[in-house]
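Below is one structure; the comments refer to it alone.
The values are calculated or read from the model by the stated rules, or taken from the named source; none is laboratory data. Remember, it's a predicted structure, so these values are computed and weren't measured experimentally. Neighbour counts run over all protein chains shown; Cβ positions are idealised from the backbone, glycine included.
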Amino acid sequence: MKITLIYPPSDCLNCECFTLPNLALPVLAGCLRREGHEVSQVDLDIAFNKKIRRGDHGVDFNILKYPEKTAAYLKGRLRGPEAALLERISGLFLGQPGFERSELFGITLAGFKMNHFLLNGAALIAHGLKSRYGAPVVIGYNGVPKTIYHGLLEKYPSFDYAVYSGGGLHLSRLAARLSGGTAGLLSTFEKKKDGTIADHDAAVRIKVTRPDYAGYPLSAYRLDGTELFSRYAPALSLTRGLIRRAGNPGQLTAMYHFTDTCRGRCAFCANRAGGGTNSLSPDEIVEDLFRLKKEEGVTGVYFINPNFNDSYKFAEELCDKMIRRRLGLLWCDCVNFRELDKNLLVKMRRAGAIKLTFGMETGSARLLKYIRKGARKEKISECLKTAHELGLWNHIELIGGLPTETDADMQETVSFIKGHSELIDAYSINPFFMYPSSPFCREPEKFGLRLLPKGRDTKLDPFSAAEAAGNFSERFDEIRGLKFAEKDAQIRRSTRLLAETVKEVSSGRAIDFEHIHLLMYLYGALGHKQKPLIRKVVGLLTRKFMPYNLEKFIPAGDFMKHDYDRVLKEESGGRRAGSAQMRRTADSHG
């Protein structure tokens, strides 16, 4: 079967300066091609932001932020200029390269949460494709609640199917069915001819698929130093010095995924440990990475895994093979503290790691044991110190309002953050919510919790930014502690305190700002040994920068109105000293 996979425009006001390639399409393509299907990949998001939106079309794309207008248009109930505008936008989208007659069109909703634009754009694209080619359209993405998909099929007539889990395998079964086969559908909503929606709810274990970027427009994500620094401070002597000394090489960061399993037993996590590993082999991973480097010109990899080191032996073998193959790729990924020591950190660094994201969650010794984190505070502290000394960029994840959390626990976490601020470069802060499949939810009494009847969470509003914790979480009381209304308030309070603490010891810019492309460039130019300088440069450049997609809101040059050279002079003891330091280190690699 001929299948076209599509990533719709998101118009996402991303806090980063540049976006990354979409991994969903290559993963789906890899699975479908393995089953013998002919697959093409269309990334309309990068096309929209680099080409369509910048063109002089006289089109107001903001209409896609209003779902009632798109839904009315698709049902033939919208007339006049607004209908003409949506028809014009549909033509601009479908006029991009890659659209051709196919027997099935698949649209990923990656990045869907709270994004009317992406959803309405997807519905508009689906409508145009069905009108032009008559082929069915399926939507899907694992990160969207099942109940939401049912509502989307009801609301938008241009969607025929929704695969709500399982990704490529379940999509391939749908393709087999549409090709005349008898394969049963799995984890898929099917809209019948009479408008009713059938739920083919069946879960099977999915093997991780090797991403296949063949035909994906990776080159559209390539950057050079000049383009990179144009979003930060192009006229700064520091950035000019970097480009002059390191050259102006193009860099291309791809996303890659090799496992979806974790053997950890964290009580808050939806992962079910004990099911065995579901990882690609180290040889498969290295082969894929080498191909991406040789054939696509990839220079860096953003791994999307639960953790790089689910197994110490596996992680060590993978690092050894990356080192022996001399891949020379810089990369970042999540890691756990359980399967980690100095030896593995050293090998990760030699294999190209520049940034590691640690799931720490809390600095409370009691809570670490309670949530079954698998690491004591002393080991966490030691690993962060070692990683920092090796020149790695440390990113920690924190959770506010864990069950049974007390003020003493929170103060212990605050003290940990303050005592380790020189070792930590970035933070992610999340309010606690209870996953239905987590140990907390499956065995609540074991953890001193009592589940409550479901509230409004059975009818989620994916676009609401002001939901209470209980609307996206199983509701619970602490048996010997807070009732849920009090717990909900504490979750908010604890999360706010974490953010305030980070702002005190670092900056609000250290919360959920990764600046992956900037880090890739700086580590490539300066090396791990120059982390103190890299940290200073990042701190300086991120004081004023142009986030992705925001140039249409900010007049050209306005974000540059900042006396960078004065700040550099203050921080480095003079501009000449700063330049001299740059000259000494620009060609030094760790």
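Please state which one of Asn309, Asn278, Asn305 is more than 24 Å from Gly527 (Cα to Cα) and buried (at least 17 other Cβ atoms within 10 Å of the Cβ). Of the residues listed, the single one that is more than 24 Å from Gly527 (Cα to Cα) and buried (at least 17 other Cβ atoms within 10 Å of the Cβ) is Asn305. Take Lys294 and tell me if it is closer than 23 Å to Asp224 by Cβ and either modelled with pLDDT of 95 or more or touching a Pro at 6+ places or on another chain (Cβ under 9 Å) (or both). So Lys294 fits the description; yes. Number of residues in segment 25-43 that are touching a strand residue (DSSP E or B) at 6+ places or on another chain (Cβ under 6 Å) and either β-branched (Val, Ile, Thr) or assigned to a helix (DSSP H, G or I) (or both) equals 7.
When restricted to residues that are within 20 Å of the chain's Cα centre (by Cα) and either modelled with pLDDT of 90 or more or of a type in the set (A, V, I, L, M) (or both), segment 42-64 contains 7. Once segment 178-212 is narrowed to residues that are over 20 Å from Ser40 (Cα atoms) and among the basic types (Lys, Arg), the residue that is farthest from the chain's Cα centre (by Cα) is Lys193.
At least 1 residues being among the hydroxyl-bearing types (Ser, Thr, Tyr) is the threshold, and among the strands (runs of 3 or more DSSP E) wholly inside segment 291-388 those reaching it are 300-303, 353-361. Restricting Ala162, Ala198, Ala175, Ala202 to those that are in a helix (DSSP H, G or I) and either in the same structural domain as Leu28 (by TED's automatic domain parsing) or surrounded by fewer than 19 Cβ atoms within 10 Å (Cβ to Cβ) (or both) reduces the list to Ala175. Selection of segment 308-332 for residues being on the phi > 0 side of the Ramachandran plot and touching a residue at least 12 places away in the same chain (Cβ under 8 Å) yields only Gly328. Phe433 fulfils the conditions (1) assigned to a helix (DSSP H, G or I); (2) surrounded by fewer than 23 Cβ atoms within 10 Å (Cβ to Cβ); (3) aromatic (Phe, Trp, Tyr) except for a single criterion, (1).
Would segment 117-132 turn up any residue that is surrounded by fewer than 19 Cβ atoms within 10 Å (Cβ to Cβ) and either touching a Lys or Arg at 6+ places or on another chain (Cβ under 7 Å) or in a loop (DSSP other than H, G, I, E, B) (or both)? No, segment 117-132 contains no residue that is surrounded by fewer than 19 Cβ atoms within 10 Å (Cβ to Cβ) and either touching a Lys or Arg at 6+ places or on another chain (Cβ under 7 Å) or in a loop (DSSP other than H, G, I, E, B) (or both). The residue list Glu82, Glu68 contains one member that is in a helix (DSSP H, G or I) and out of contact with any helix residue (DSSP H, G or I) (no Cβ under 9 Å at 6 or more places or on another chain), which is Glu68. When the criteria are applied in full, Gly106 meets the requirement of being surrounded by 17 or more Cβ atoms within 10 Å (Cβ to Cβ), among the small types (Gly, Ala, Ser) and out of contact with any Phe, Trp or Tyr (no Cβ under 8 Å at 6 or more places or on another chain).
Within the set Asn22, Asn62, the sole residue that is in a helix (DSSP H, G or I) and within 29 Å of Gly151 (Cβ to Cβ) turns out to be Asn62. When segment 406-430 is limited to residues that are acidic (Asp, Glu) and not in a helix (DSSP H, G or I), the one that is farthest from the chain's Cα centre (by Cα) turns out to be Glu422.
Does Arg210 satisfy the criteria of being touching a residue at least 40 places away in the same chain (Cβ under 8 Å), part of a loop (DSSP other than H, G, I, E, B) and more than 30 Å from Glu295 (Cβ to Cβ)? No, not satisfied.
Among the residues of segment 517-532, those that are surrounded by fewer than 21 Cβ atoms within 10 Å (Cβ to Cβ) and of a type outside the set (D, E, K, R) comprise Gly524, Gly527, His528, Pro532.
Of all residues in segment 360-405, exactly one satisfies the criterion of being surrounded by 19 or more Cβ atoms within 10 Å (Cβ to Cβ), in contact with a strand residue (DSSP E or B) (Cβ under 6 Å, 6 or more places away or on another chain) and among the charged types (D, E, K, R), namely Glu361.
If you check Gly143 against the conditions, is it under 20 Å from the mean Cα position of the chain (by Cα), at positive phi, modelled with pLDDT under 95 and part of a loop (DSSP other than H, G, I, E, B)? No, not satisfied. Between a first residue in segment 124-145 that is in contact (Cβ under 8 Å) with a residue 60 or more places away in the chain and assigned by TED's automatic domain parsing to the domain that holds Leu74 and a second residue that is crowded, with 19+ Cβ neighbours inside 10 Å and of a type in the set (Ser, Thr, Tyr), which pairs have beta carbons less than 6 Å apart while being 6 or more apart in sequence or on different chains? Between residues of segment 124-145 that are in contact (Cβ under 8 Å) with a residue 60 or more places away in the chain and assigned by TED's automatic domain parsing to the domain that holds Leu74 and residues that are crowded, with 19+ Cβ neighbours inside 10 Å and of a type in the set (Ser, Thr, Tyr), the close pairs are Leu124/Ser90; Tyr141/Thr108. If you check Gly121, Gly134 for being within 25 Å of the chain's Cα centre (by Cα), of a type outside the set (Lys, Arg) and closer than 20 Å to Ala71 by Cα, only one passes: Gly121.
Evaluated against (1) hydrophobic (A, V, I, L, M, F, W, C); (2) under 18 Å from Asn271 (Cβ atoms); (3) surrounded by 22 or more Cβ atoms within 10 Å (Cβ to Cβ), Cys334 falls short on exactly one condition, (3).
Which residue pairs have Cβ atoms under 8 Å apart, sit 6 or more places apart or on different chains, and have a first residue in segment 79-107 that is at positive phi and a second that is not in a helix (DSSP H, G or I)? Every condition considered, the pairs that remain are Gly98/Thr4; Gly98/Ser40; Gly98/Gln41; Gly98/Val42.
Restricting Glu295, Glu317 to residues that are of a type outside the set (Gly, Ala, Ser), more than 16 Å from Ala351 (Cβ to Cβ) and out of contact with any Asp or Glu (no Cβ under 9 Å at 6 or more places or on another chain) narrows the list to Glu295.
Within the set Gly111, Gly91, Gly106, the sole residue that is small (Gly, Ala, Ser), part of a helix (DSSP H, G or I) and in contact with a helix residue (DSSP H, G or I) (Cβ under 9 Å, 6 or more places away or on another chain) turns out to be Gly91. Taking the criterion of being crowded, with 19+ Cβ neighbours inside 10 Å and touching a residue at least 40 places away in the same chain (Cβ under 8 Å), the residues of segment 415-427 that qualify are Phe416, Ile417, Ile424, Asp425, Ala426, Tyr427.
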